[in-house]
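Chemist: Supplied in structure tokens, the structure appears directly below.
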Amino acid sequence: MNQPITVFVCAETPCLSMGSDDVFEALKAEVARQKLTNVNIEISGCHGHGLCNHGPSVVVEPEGVFYLGVRPEDVPELVGSHLRDGRPVERLLYQEKATGKIIPHYREINFYKKQQRLILRNCGRINPEKIDQYINVGGYRALAKALLEMTPIQVIEEVKRSGLRGRGGAGFPTGRKWEFGYNVLSDKKYVICNADEGDPGAFMDRSVLEADPHAVVEGLIIAGYAIGANDGYVYLRAEYPLAVKRVSIALEQAREKGFLGMDILGSGFNFNIHMKEGAGAFVCGEETALIASIESLRGMPRPRPPYPAQSGLFGKPTTINNVKTLASVPAVIDRGADWFAGIGSEKSKGTTVLALSGKIVNSGLVEVPMGTSLSTIIFDIGGGIPDGRRLKAVQTGGPSGGCIPARFPDTPVDYETLSLLGSILGSGGMVVMDDTTCMVEVARYFLSFTQAESCGKCVPCRLGTKQMLEILTRITRGRGKESDIDTLYDIARTVKECSLCGLGQTCPNPVLSTLSYFRDEYEAHIKKKNCPANQCRPLSRKASATVKS
Amino acid sequence: MPRITIDGRPVAADTGSTVLAAALKAGVYVPHLCFLPDLDPYGGCRLCVVEIEGMRGLPAACTTPVRDGMVVHSDVPAVNHVRRVTAELIIADHQASCLECTSNQRCELQRAAAHLGIDQSRLRPGTRRAVKDTSNPFFIRDMSKCVLCTRCVRLCHEIRGVGAIDVISRGYDARVAPFWETPIVESTCESCGMCVDACPVGALRPKNEQLPPAELVRTVCPYCGCGCGLVLGVRGKKIVQVRGDGFDTGKQAQLCVKGRFGLDFVSSPERLTSPLIRHNGKLEPASWDEALALAAGGFSRIRDTFGPDALAGFASAKCTNEENYLFQKFMRAAVGTNNVDHCARLCHASTVAGLGMAFGSGAMTNSVAELENADCIFVIGSNTSEAHPVVALRIKAAVSKRGADLIIADPRRIDLTRFARFHLRHRCGADVMLLNAIMHVIVTEGLEDRDFLDERTENFGSAWEVIRHCSPEAAEAVTGVPAGDIRGAAVLFARAGRAAIVYSMGVTQHVTGTDNVLALANLAMLTGNVGIESAGVYPLRGQNNVQGACDMGALPDWFPGYRKPADNLVRKSFERAWGRSLPEKPGLTATETLDAVFKGRIRGLYIMGENPALSDPNVSRTERALEKVDFLVVQDIFLTETAAHADIVLPGASFAEKDGTFTNTERRVQRVRKALPAPGEAKEDLWIIRALSERMGYPMIYPDAAAVMVEIAALIPIYGGISYERLENGGLQWPCPDGSHPGTPFLHRGGFIRGRGRFHPTPYREPAELPDAEYPLLLSTGRLLHHFHTGTLSRKTGGLETLSRPGLVEVNPDDAEVFGIRDGDRVLIESRRGRVEAWAAVTGRARQGMVFLPFHFRETPANVLTNDALDPSAKIPEFKVCAVRVKPASVPL
């Protein structure tokens, strides 16, 4: 027992909500009580993405032993048995559902085996509140390389060559975006980290910000250097108080270390980062609405042109990147464009983080190379559909995504393919649906979210979503008319084609994709007053009443 | 110029134009609701989506800039299909049947629906609940008809700088409302009504426009000196609609609440409709023959008995140039005296004197529109957004659109301070000290324009001898403005490329008024800000035609065109033109005239369109003078407080009932056009003056007002090129010496009118009366947004009365505490000259130690209190400073 041991207690929001901070305190106290001198207790990001519902997770490194559902009362045993005597506590180890097998090391768990962690590379491996731990795993090495060895153009070229594309959903090539920013002449420019993660069920940005905030800070500084900005903003939703805290700590530490401020690392480059908390509007994740929000205006999108790259924050050229994009940047610079371009598919490079949820055995954050097939994700990593049900469809890309029917299992997950099938990669949401899911209800459900989140500026989105929602509600309640399908289609198309911003342009996707792949279900609701999945209650009740009589 | 194709039709677009603007300009209708040329592109209604070759999707035409060679498809099935759905969505968002609504005859939604062939909506009507707000006296906000195009919101923010309304809530719940959803009348709304004109549907409707006009008449607003163009909609013999005159700019011309809604006085039942003669102490109707014979007889008798200088006349800044010209000609040629003056004496006499001494001309140096391009604007002694609202829009635009720096020097926290970098809250009357300190900073920091001083000006040395003793610290002690703020503002002003100075009564109405103006002239010259565009000195004239009345020589010491009666050549030329020998000695000023009445030197008075009984300082004394004078003839459109003292009252015509010209604050001569006949027996003022003159043996023959302008152009060189023909398409700014001259937007280009600009030393002098133990507070007077001058015109509009409650005195909260006054209390205000009761409005707007009382209201006549001490050179009274005490009215004296 001479090798130093580090115990990482997950301190992301879900584990904290289950009391991981008590476990952390108990561990520290117990280690002190038992006088173990070679044991460090640290908080960290999540190791158990996907297993969060099992409660506070604890990892003992360097062995990589993975505990789940640890409670303060388990701590004396864990410290005495494992940390002192080297005997892991079997009852707290991960047990594979399908086989009942106990798997002590997380690297051996199927859920992780097929994943490739690039964006989430440091999650669970370091204490996010200690900059030295980030530096120890290679952090800020890319910053030094960019600032001291590369010109801004070289940085941009490297990012272009890597094929990195915007991870916010639209997939615009990051290097080209930076090039626009670089080429605009202005006395003042801004870079903004868009951390207004708003899709329900998407929590990858939160995870990165809570578990590895320095990666984002480092990426943002490099972005600022590349385009020639001296000020950056992190626009972070206020619903993520822990992320706000961690990023604030990271900024403070980076400032102390001289990674922010004047003449960074002696390069002559000055850069500062300000934080702005969002106030709960989904639409503020849209670039121009986000800018308006930082300017203390009403968070509404505005027409483009002018593009933010020409006239953005306070009328100055502004480059906006997503959290995951920026977290990828240090890896790209540090390990090189070729390494990064070696991961992923032909047009979509690198990895993507998906929030796997719904009717699936293992739900949670999954990071895979771009182009990994749906079936690999659902069956190999996700462990398949529970309760012996059949896969019916996968809804991707958050509430604005479409539903891909089960008949396309080999679909590679990348920007182009998903959009061809009427969906989007979007923020990386992935909701798995089995044969008990009503597709009309799915469309209604997602639309109820976007309808509530429409800012109200443009007519198609403000009124079109309302009308569509009313029609869908009518249909699921058995009051649909035959003309409703045409009307719904007309409105959905108009909202998609005519809306001002991305919210409106994509929000009809759940409607249009279900209309296109599952039209028969709509017709059954309207003509036969029957919900084939037996989910729409008014219809189910009516059907069973009919059977009874 | 980019050329594009819309639906196969070649269109030449303006550079920088959007596809929609280009299409509309070419006469191609593209459905739209949220677009308004005045506002930034919004892209909200999405009705103007088009197909553009080479572009993805359906871009909105209103937000897409044109590019040369663009091929646009608008009226095609794919586009019209989605537009139809969008229009259906809007139509379905109303509970009532939108397509049958008649609340807006020019409803743009109905037009779009008709264009798209929608006769009914297949969608279920919305269930949105909406307020109908009728609280504003002038317009209705019926939000059930709102389509959320936000033209009103954007106009209120972008152009008016008010922001009384905004979109609140989001998505389907989004709606336009004032802050906290109060009734609009309780918001910061200024009731300008521009949003009503901007509304494409029937959500905002005027209350007072029942019938469409039968005829439109272009003319000029009769209120302040901004000189806004009006289009009067006339039906029968009534004005049924008022709009701003945008000429051919295609944009909405901005007006304020008074111009837009405050013209009820024209058809007021209180108008004078027949001459009145005093019989046994009472004014009784009489015929014109009687009245004119009596008036002419009375004047002739006094002239023949006591000499022409026993008569005096007050011309009018509300009347036209032609009328003022004839009035002074009548006084000089028919009567034979220079005793002619008008209310400029009470507002800008110190400007005419001061700027005349420093620059060689008393007029505004630059044009109002140029303010938008100034880099720094220094507003001192002008509550611009209330007294000159449309000029204030330019200042706000300079700040909000171009990032200009605004410096305000005002004891009150006026609305414009919202836009200001510095608010220098100096004590009333300490202006000279403040300005000297600003110049002290500029010189000690080495920021003066040395070349300009050397090449264009003279006598700086003697001014410096005074300024050098006025450090910011010394000034802080006198003005109460922190030295740091004085320094900051001075540096900001001096460093600006083009810096403009805007001022008004707060500068001029002091016993040191002329010195105040001279100090401002010094500041402008010190920083080289005269003779260039978007800089200069902007005295804002208070009346629609106060500039013109001065130009016309309605002044005791100037013949028309600012020429000296004492100059033999000048006098001879006028004598030749007018066929009479003319007096050489300057006449009495308006303020001196009243003194002369008490001394028996003035025996007869002819007052045209002025109301000294309410407007002059220490009015109790003025009233005694009006009572004492032997013979008083008043020519007006109402029985004013002054007319009530008259022996004979002659009913004149309002601005809407005659032809003529007004010259606004920026020297712009503009056409006033007759829209209506004068009521009853009332006559156009030109007719009255001529009739009187003829009866006094000096006939003046002019077929019409245009003929008077011909004579004016012949005799006044700066008006030499002005004729009604040339004024048809907008005004001309003097100097305009000949028929081909385009007018002069800014003066002193390349050199001052007087040769070199002259610095004058301006040592600080205290106001005539400062607070003391007995009268511990300082009273200042001024205007409110909703009223004008003595209220003769504005108070005939009921809605304006609703919006500004008469009789409020602003008291600072600290003073209120000291004197035991609560908000809303009835208080007694006393000065050494009189007492007034008013209601206290306890507000931080007023500086500590001062109270503010508007002078519009006869119920609380501020000028009972004011001091009639005069500026020694300009003879302007000190309206802005006197000492008062304030106490709850219930406390026994």
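Chemist: Where in region B:250-350 are there strands (runs of 3 or more DSSP E), lying wholly inside it, with at least 2 residues that are open to solvent by less than 10 Å² (accessible area, probe 1.4 Å)?
Modeler: Here the list reads B:311-314.
Chemist: OK, next. Could you pull out the residue among B:Pro586, B:Pro539, B:Pro565 that is in contact with a Pro (Cβ under 7 Å, 6 or more places away or on another chain), surrounded by 21 or more Cβ atoms within 10 Å (Cβ to Cβ) and either touching a residue at least 40 places away in the same chain (Cβ under 8 Å) or not charged (D, E, K, R) (or both)?
Modeler: Step by step, each of B:Pro586, B:Pro539, B:Pro565 is checked, and only B:Pro565 is in contact with a Pro (Cβ under 7 Å, 6 or more places away or on another chain), surrounded by 21 or more Cβ atoms within 10 Å (Cβ to Cβ) and either touching a residue at least 40 places away in the same chain (Cβ under 8 Å) or not charged (D, E, K, R) (or both).
Chemist: Okay, moving on. For region A:292-315, which positions are open to solvent by less than 40 Å² (accessible area, probe 1.4 Å) and either within 14 Å of chain B (Cβ to nearest Cβ) or in contact (Cβ under 8 Å) with a residue 40 or more places away in the chain (or both)?
Modeler: Of everything in region A:292-315, those that are open to solvent by less than 40 Å² (accessible area, probe 1.4 Å) and either within 14 Å of chain B (Cβ to nearest Cβ) or in contact (Cβ under 8 Å) with a residue 40 or more places away in the chain (or both) turn out to be A:Ala292, A:Ser293, A:Ile294, A:Gly299, A:Met300, A:Pro301, A:Pro303, A:Ala309, A:Ser311, A:Gly312, A:Leu313.
Chemist: Residues to consider are A:Glu295, A:Glu287; find the one that is touching a strand residue (DSSP E or B) at 6+ places or on another chain (Cβ under 8 Å) and acidic (Asp, Glu).
Modeler: A:Glu287
Chemist: Then there's this: Identify the residue in region A:475-496 that is free of Cβ contacts under 8 Å to residues at least 12 places away in the same chain and at the interface with chain B (Cβ under 9 Å from one of its Cβ atoms) and, among all such residues, is farthest from A:Met300 (Cα to Cα).
Modeler: Among those residues, the one meeting the criterion is A:Ser483.
Chemist: When region B:37-71 is examined, which residues are found to be touching a helix residue (DSSP H, G or I) at 6+ places or on another chain (Cβ under 9 Å), touching a residue at least 60 places away in the same chain (Cβ under 8 Å) and farther than 22 Å from A:Leu463 by Cα?
Modeler: B:Pro37, B:Asp38, B:Leu39, B:Asp40, B:Val66, B:Met70
Chemist: Give me a count of the residues in region B:836-846 that are open to solvent by less than 50 Å² (accessible area, probe 1.4 Å) and either at positive phi or in contact with a Ser or Thr (Cβ under 8 Å, 6 or more places away or on another chain) (or both).
Modeler: Number satisfying all stated conditions: 2.
Residue by residue, here is whether (1) within 28 Å of A:Gln451 (Cβ to Cβ); (2) in the same structural domain as A:Met430 (by TED's automatic domain parsing); (3) assigned to a loop (DSSP other than H, G, I, E, B); (4) small (Gly, Ala, Ser) holds:
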| residue | (1), (2), (3), (4) |
| --- | --- |
| A:Ser357 | yes, yes, no, yes |
| A:Gly371 | no, yes, yes, yes |
| A:Thr376 | no, yes, no, no |
| A:Ala393 | yes, yes, no, yes |
| A:Pro399 | yes, yes, no, no |
| A:Ile404 | yes, yes, no, no |
| A:Arg407 | no, yes, yes, no |
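Chemist: Among the strands (runs of 3 or more DSSP E) lying completely within region B:754-863, list those that include at least 1 residues that are closer than 30 Å to B:Arg260 by Cβ.
Modeler: The qualifying strands (runs of 3 or more DSSP E) are B:777-782, B:808-811, B:835-842, B:850-854.
Chemist: Separate question: Which ranges mark the helices (runs of 4 or more DSSP H) fully within region B:72-159 that have 2 or more residues being within 13 Å of chain A (Cβ to nearest Cβ), over 25 Å from B:Glu209 (Cβ atoms) and in contact (Cβ under 8 Å) with a residue 40 or more places away in the chain?
Modeler: B:77-92
Chemist: Can you list the strands (runs of 3 or more DSSP E) lying wholly within region A:190-280 that have 3 or more residues being within 15 Å of the chain's Cα centre (by Cα)?
Modeler: Where strands (runs of 3 or more DSSP E) fall fully within region A:190-280 and carry at least 3 residues being within 15 Å of the chain's Cα centre (by Cα), they are A:190-195.
Chemist: Run down A:Ala243, A:Ala289, A:Ala279, A:Ala238 and say which single residue is open to solvent by less than 50 Å² (accessible area, probe 1.4 Å), in contact (Cβ under 8 Å) with a residue 12 or more places away in the chain, among the aliphatic types (A, V, I, L, M) and over 21 Å from A:Glu12 (Cβ atoms).
Modeler: Answer to the check: A:Ala289.
Chemist: For region B:19-65, how many residues are open to solvent by 20 Å² or more (accessible area, probe 1.4 Å), within 11 Å of another protein chain (Cβ to nearest Cβ) and outside any loop (DSSP other than H, G, I, E, B)?
Modeler: 2
Chemist: Please determine, by comparing only the residues of region A:316-346 that are free of Cβ contacts under 8 Å to residues at least 12 places away in the same chain and either hydrophobic (A, V, I, L, M, F, W, C) or part of a helix (DSSP H, G or I) (or both), which one is least open to solvent (accessible area, probe 1.4 Å).
Modeler: It comes out as A:Trp339.
Chemist: Would you confirm, using the coordinates I've provided, whether A:Lys466 is part of a helix (DSSP H, G or I), open to solvent by 10 Å² or more (accessible area, probe 1.4 Å), within 14 Å of chain B (Cβ to nearest Cβ) and under 15 Å from A:Ser499 (Cα atoms)?
Modeler: Yes: the conditions hold for A:Lys466.
Chemist: Out of curiosity, is A:Thr288 within 14 Å of chain B (Cβ to nearest Cβ), within 24 Å of A:Gly219 (Cα to Cα) and outside any loop (DSSP other than H, G, I, E, B)?
Modeler: In short, yes.
Here's the yes/no breakdown for (1) in a loop (DSSP other than H, G, I, E, B); (2) in contact with a Gly (Cβ under 9 Å, 6 or more places away or on another chain); (3) assigned by TED's automatic domain parsing to the domain that holds B:Ala613:
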{"position": "B:Val507", "(1), (2), (3)": "no, yes, no"}
{"position": "B:Ala519", "(1), (2), (3)": "no, yes, no"}
{"position": "B:Ala524", "(1), (2), (3)": "no, yes, no"}
{"position": "B:Val530", "(1), (2), (3)": "yes, yes, no"}
{"position": "B:Gly553", "(1), (2), (3)": "yes, yes, yes"}
{"position": "B:Pro565", "(1), (2), (3)": "yes, yes, yes"}
{"position": "B:Arg571", "(1), (2), (3)": "no, no, yes"}
{"position": "B:Arg576", "(1), (2), (3)": "no, no, yes"}
{"position": "B:Leu582", "(1), (2), (3)": "yes, yes, yes"}
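Chemist: Can you name the residue in region A:60-118 that is of a type in the set (S, T, N, Q) and within 20 Å of A:Ala211 (Cβ to Cβ) and is also surrounded by the most Cβ atoms within 10 Å (Cβ to Cβ) among such residues?
Modeler: A:Gln115
Chemist: Moving on. Which numbered condition trips up A:Glu523, out of (1) open to solvent by 10 Å² or more (accessible area, probe 1.4 Å); (2) within 14 Å of another protein chain (Cβ to nearest Cβ); (3) not hydroxyl-bearing (Ser, Thr, Tyr)?
Modeler: Going through the list (1) open to solvent by 10 Å² or more (accessible area, probe 1.4 Å); (2) within 14 Å of another protein chain (Cβ to nearest Cβ); (3) not hydroxyl-bearing (Ser, Thr, Tyr), A:Glu523 breaks only (2).
Chemist: Restricting region A:427-447 to residues that are open to solvent by less than 10 Å² (accessible area, probe 1.4 Å) and assigned to a helix (DSSP H, G or I), which is nearest to the other protein chains (Cβ to nearest Cβ)?
Modeler: So the residue we want is A:Leu447.
Chemist: Taking helices (runs of 4 or more DSSP H) that fall entirely within region B:405-503, which contain at least 2 residues that are among the aliphatic types (A, V, I, L, M)?
Modeler: Filter on region B:405-503 gives B:431-444, B:460-467, B:472-479, B:483-495.
Chemist: Ok, one more. Of all residues in region A:481-512, count the ones that are open to solvent by 10 Å² or more (accessible area, probe 1.4 Å) and assigned to a loop (DSSP other than H, G, I, E, B).
Modeler: 5
Chemist: Looking for something more than 9 Å from chain B (Cβ to nearest Cβ) and surrounded by fewer than 24 Cβ atoms within 10 Å (Cβ to Cβ) - is there at least one such residue anywhere in region A:448-459?
Modeler: Yes, there is a match, as at least one residue in region A:448-459 is more than 9 Å from chain B (Cβ to nearest Cβ) and surrounded by fewer than 24 Cβ atoms within 10 Å (Cβ to Cβ).
Chemist: Sticking with this structure for a sec: On the basis of being more than 30 Å from B:Glu458 (Cα to Cα), touching a helix residue (DSSP H, G or I) at 6+ places or on another chain (Cβ under 8 Å) and surrounded by fewer than 21 Cβ atoms within 10 Å (Cβ to Cβ), does B:Arg833 make the cut?
Modeler: Against the criterion (more than 30 Å from B:Glu458 (Cα to Cα), touching a helix residue (DSSP H, G or I) at 6+ places or on another chain (Cβ under 8 Å) and surrounded by fewer than 21 Cβ atoms within 10 Å (Cβ to Cβ)), B:Arg833 qualifies.
The values are calculated or read from the model by the stated rules, or taken from the named source; none is laboratory data. All values reported here derive from a predicted model rather than from experimental measurement. Cβ coordinates were reconstructed from backbone atoms using ideal geometry, including for glycine residues, and neighbour counts include every protein chain displayed. Note: accessible area is taken over every heavy atom of the protein model, side chains too, but ligands, DNA and RNA are not part of it. Shrake-Rupley method; radii C 1.70, N 1.55, O 1.52, S 1.80 Å.
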